[in-house]
Amino acid sequence: AREREIVEAMNEVRRNERAAMLLEERSRIMRDMHDVIGGQLLGLILQARSQSSSDTRLVSGLEQSLDDLRMVVDSLEQGEGSLTGALGAFRARIEPRCEAAGVALVWEIQDVGETPNIGPDKTLQIYRILLEACTNALRHGAPKQISVSLARTISGEIEIGVRDDGSGFAIENHAPGRGIANMQTRANRIGATMRLSSDENGARLTLVLRP
């Protein structure tokens with residue numbers, strides 16, 4: 001009986017620790033939403049008031065802010081558990097864009113099981129990295145196909161990949177502080193390793209999450 005009490009007490013401690021971690025992650029996401037989306041919308045308001053931006057740029061900025069808001073909501077709803085399910089929400093966001101651009105989206109997602117160490121904040125950063133990779137391909141690579149993959153390696157790491165068959169780009173000539181740099185910053189934030197390569201056959205991104 002005493003042993004059962006100890007086990008139950010330890011399980012309760014773990015549940016409380018997990019709940020506290022999720023609460024902190026959700027608080028971090030809300031701060032991120034305030035800073036990122038709030039900043040985007042404020043900038044768009046100032047541009048609209050000063051008429052310093054075209055309607056096309058304003059609409060594009062609003063669409064980006066809406067994408068960010070939707071990703072925040074998705075990450076909170078997919079807060080813990082299955083990364084496979086969370087990526088399903090991302091697919092619902094990116095597939096219409098691919099279809100509109102006439103690009104085939106290939107979905108190579110394995111069931112990697114439960115991933116309790118991937119909470120709302122990590123999910124949001126993964127969404128943003130994948131969105132950046134797919135958006136770059138659609139804007140600059142003129143691909144016919146974009147593939148998104150998810151698999152667990154023999155060593156237990158989780159690999160998420162994005163590759164396209166477009167024209168590629170010169171990584172060393174990519175503007176610093178944007179795009180790739182932002183993706184690397186987000187990967188560092190969640191303790192992931194990001195690998196990126198590109199040639200005339202397209203671009204390939206691999207995000208490695210440790211167990």
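Here each label is just a point 7 Å from Cα along the line to Cβ, and for Asn201 and Lys144 those points are 1.5 nm apart. Placing a label point 7 Å from the Cα of Ala101 along the Cα-to-Cβ direction, the residues of the stretch 33-64 whose backbone N falls under 17 Å of that point are 60-61, 63-64. Take the alpha-carbon centre of the stretch 186-211, take the same for the stretch 124-164, and report the distance between them in whole Å. After rounding, the separation between the Cα centres reads 8 Å.
Label positions at Thr56 and Met10, each projected 7 Å from the Cα along the C-beta direction, are separated by 6.3 nm. Grouping the Cα pair distances of the stretch 36-123 into 5 Å bins from zero gives a pair-distance distribution of 3, 13, 17, 17, 16, 14, 10, 6, 3, 1, 0 percent in increasing distance order. Considering only the Cα atoms of the stretch 80-170, their convex hull presents on average a projected area of 6.1 nm².
Start at zero, step by 10 Å, and the Cα-Cα distances of the chain spread as 8, 29, 34, 19, 6, 3, 1, 0 percent across the bins.
Applying both filters, DSSP loop and at most 15 other Cβ atoms within 10 Å, to the trypsin sites (Lys or Arg not before Pro) of the stretch 109-174 gives Lys144. The phi-based Karplus calculation (6.51 cos²θ - 1.76 cosθ + 1.60; θ = phi - 60°) puts the 3J(HN,Hα) values of the stretch 153-167 at 7, 4, 7, x, 6, 10, 10, 10, x, 10, 9, 9, 10, x, 7 Hz, whole numbers, x for Gly and Pro. Counting only protein heavy atoms and a probe of 1.4 Å, the accessible surface of the stretch 79-211 is 48% carbon and sulfur.
When the chain is described by a simple charge dipole with +1 on each Lys and Arg Cβ and -1 on each Asp and Glu Cβ, the residue from Ser167, Val208, Ile109 located farthest towards its positive end is Ser167.
The values are calculated or read from the model by the stated rules, or taken from the named source; none is laboratory data. Since the structure is predicted, the reported quantities are computational estimates derived from the model, not experimental observations. Positions of Cβ are backbone-derived with ideal geometry, glycine not excepted, and every protein chain shown enters the neighbour counts. Remember, those area values only see protein heavy atoms, side chains included, never the ligands or the DNA or RNA. Shrake-Rupley method; radii C 1.70, N 1.55, O 1.52, S 1.80 Å.
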